[in-house]
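Colleague: For reference, the structure I am asking about is given below.
The values are calculated or read from the model by the stated rules, or taken from the named source; none is laboratory data. Quick caveat: nothing in here was measured; it's all calculated off a predicted structure. Quick reminder, even Gly has a Cβ in these numbers, built from the backbone with ideal geometry, and neighbours come from all protein chains shown. Accessible surface is based on the protein model in full, side chains and every heavy atom, while ligands, DNA and RNA are left aside. Shrake-Rupley method; radii C 1.70, N 1.55, O 1.52, S 1.80 Å.
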Protein chains: 2
Amino acid sequence: MKIVTQIVDMQKEADYLRSKNQKIGFVPTMGYLHEGHLSLIREAKRYCDVVVMSIFVNPTQFGPNEDFKDYPRNFDRDVELANSVECDIVFCPNVREVYPDNYLTFVEVEKITQVLCGLSRPTHFRGVTTIVAKLFNIVKPHLAVFGQKDAQQAIVIKRMVKDLNYDIEIIVAPIIREKDGLAMSSRNTYLSSDQRKQAVVLYQSLMTVRKMIEKGERNVAVIKNHMIEMIDQQPDAVIDYIEVVDTTNLESMIKINGEVLIALAVKIGNARLIDNMIIQA
Amino acid sequence: MKIVTQIVDMQKEADYLRSKNQKIGFVPTMGYLHEGHLSLIREAKRYCDVVVMSIFVNPTQFGPNEDFKDYPRNFDRDVELANSVECDIVFCPNVREVYPDNYLTFVEVEKITQVLCGLSRPTHFRGVTTIVAKLFNIVKPHLAVFGQKDAQQAIVIKRMVKDLNYDIEIIVAPIIREKDGLAMSSRNTYLSSDQRKQAVVLYQSLMTVRKMIEKGERNVAVIKNHMIEMIDQQPDAVIDYIEVVDTTNLESMIKINGEVLIALAVKIGNARLIDNMIIQA
């Protein structure tokens, strides 16, 4: 496995691979890898000759009072894990090369970035689309894999790719969960052992309302109230949002009809956790 | 000369050319070609195997009360002229394919887009950077040529390319002028024959203050006042701005020191004309 740190070296490597007709797959991450990230690499390897994973804790997607400084990092362990799933290249640029002094350019997707996570994190998706556009121009992939865990991110990236005519195929891979159902996340490390037990309520509330919908419930208010009641029983849980929305334009609805995305964000202690489920009504 | 209208066809053509190790040069235009545009194609041909010129009157770079609808168009003549300088591919996409319904994504460069032309055209450069980013992802050039006539545009594009890590070399080609010094522009067609005579004052005012600077004048207020006096003598001339700024960050100054950009915009009748000169003090 190759480790590349300079932007120009990654671009040269991409040009070389493309000149040899190698199909490049790309998995952008912020590191502190878990089984979820590894599943994205495996997915990319199914379609591509060479898989590049980036490890970069991107400052522009954190708000001023968020956890950029505290975000967990363990580069040596990440390299070992990437190697274990036969990742070909790890690209880990320096923050000062990615955002030099007097950096001025941002990519913004309107509307669908202002709901759900965008409401409590107003500049988050601007940071995400900007770094992903930059990484696309550096890694020059044919295909990129994102996780369904960040459902809104996947939808926003797909829209950016379509709107800006990036000639890159986007694959969204399923959520990988712990045995009890908690969605894997680097931020789970913030949880105390008691909070870790409470955290499973996100998944449990989704499973419960999925059953309600399967049994015929279509009233969004009823579904949301049921989730609120379940989550409020956990002493450390503070709900940021629970939304039932259209899977492409993220518009909320009163009555479920067809495919919907149920997404929620809940703070448990210092960890802001997200989870979601796409349900066919 | 090939004419390509579909985005996916242009991307396939670019992939094919790159797979054959052909260096792609790109000249984005809004059509209604004049000798200035042709000089950009000639410049691109000096460095590249294949030159693509786009013709697209980009709606997002016009303000609501600007001349999008009236902007001059003559596709047949453009194709003839492009052919005459051995342009290889003309890419002329349809506006509804470039900006489909529910288009949401924009590329924005901050600060340097809010001065000079950005003051009276606040969304102009957002439209320019968005369409250029899209065209870069469609045409996949190794090199792109822009005209120095749009000095601020060239600086903004260079900044976008650097910030977003586009692996594309940007060349800025000199202003091409009519015999009397008027900078060539598709918008000169808006001028009546009397206004056409008045319009040369932009160039004359730049030449006059260049001589003043060569003779030692360093006071920006004196230079600007001299230009204002000259231009105000033309009955139809209404000054939008006259600025003396740093050539990279576009910051204005009180005293000239080193290389400066003198840029101005003047409305003469229905034509908003711009011109500029880089002067080494």
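Colleague: Show the residue pairs that are 6+ apart or on different chains and have beta-carbon atoms under 6 Å apart, the first residue being within region A:9-38 and closer than 19 Å to A:ILE171 by Cα and within 14 Å of chain B (Cβ to nearest Cβ), the second being at pLDDT below 95 and buried (at least 19 other Cβ atoms within 10 Å of the Cβ).
Modeller: The qualifying pairs do not exist here.
Colleague: It is to be established whether one or more residues within region B:232-240 are touching a Ser or Thr at 6+ places or on another chain (Cβ under 9 Å), touching a residue at least 60 places away in the same chain (Cβ under 8 Å) and not assigned by TED's automatic domain parsing to the domain that holds B:ARG159.
Modeller: Yes, region B:232-240 has at least one match.
Colleague: Next question. Determine whether region A:143-153 contains at least one residue that is touching a Phe, Trp or Tyr at 6+ places or on another chain (Cβ under 9 Å), surrounded by fewer than 23 Cβ atoms within 10 Å (Cβ to Cβ) and farther than 25 Å from A:ARG272 by Cα.
Modeller: Checked region A:143-153: at least one residue is touching a Phe, Trp or Tyr at 6+ places or on another chain (Cβ under 9 Å), surrounded by fewer than 23 Cβ atoms within 10 Å (Cβ to Cβ) and farther than 25 Å from A:ARG272 by Cα.
Colleague: For region A:215-258, which residues satisfy the criterion of being surrounded by 20 or more Cβ atoms within 10 Å (Cβ to Cβ) and within 14 Å of another protein chain (Cβ to nearest Cβ)?
Modeller: Within region A:215-258, A:LEU250 is the sole residue that qualifies.
Colleague: I would also like to ask the following. List the number of the failed condition for B:ILE175; all other conditions in (1) of a type outside the set (Ser, Thr, Tyr); (2) in a loop (DSSP other than H, G, I, E, B); (3) over 30 Å from B:VAL51 (Cα atoms) hold.
Modeller: Only one criterion is unmet by B:ILE175, namely (3).
Colleague: Next question, about the same structure. Take the residues of region B:156-172 that are surrounded by fewer than 22 Cβ atoms within 10 Å (Cβ to Cβ) and in a helix (DSSP H, G or I): which is farthest from the other protein chains (Cβ to nearest Cβ)?
Modeller: B:LYS158
Colleague: Looking only at region A:40-89, which residues are open to solvent by 60 Å² or more (accessible area, probe 1.4 Å) and charged (D, E, K, R)?
Modeller: Within region A:40-89, A:ARG42, A:LYS45, A:ARG46, A:ASP49, A:GLU66, A:LYS69, A:ASP70, A:ARG73, A:ASP76, A:ARG77, A:GLU80, A:GLU86 qualify.
Colleague: Given the options A:CYS117, A:CYS92, name the one that is away from every other protein chain (no Cβ under 14 Å), closer than 30 Å to B:ILE168 by Cβ and either open to solvent by 30 Å² or more (accessible area, probe 1.4 Å) or not aromatic (Phe, Trp, Tyr) (or both).
Modeller: After applying the criteria, what remains is A:CYS92.
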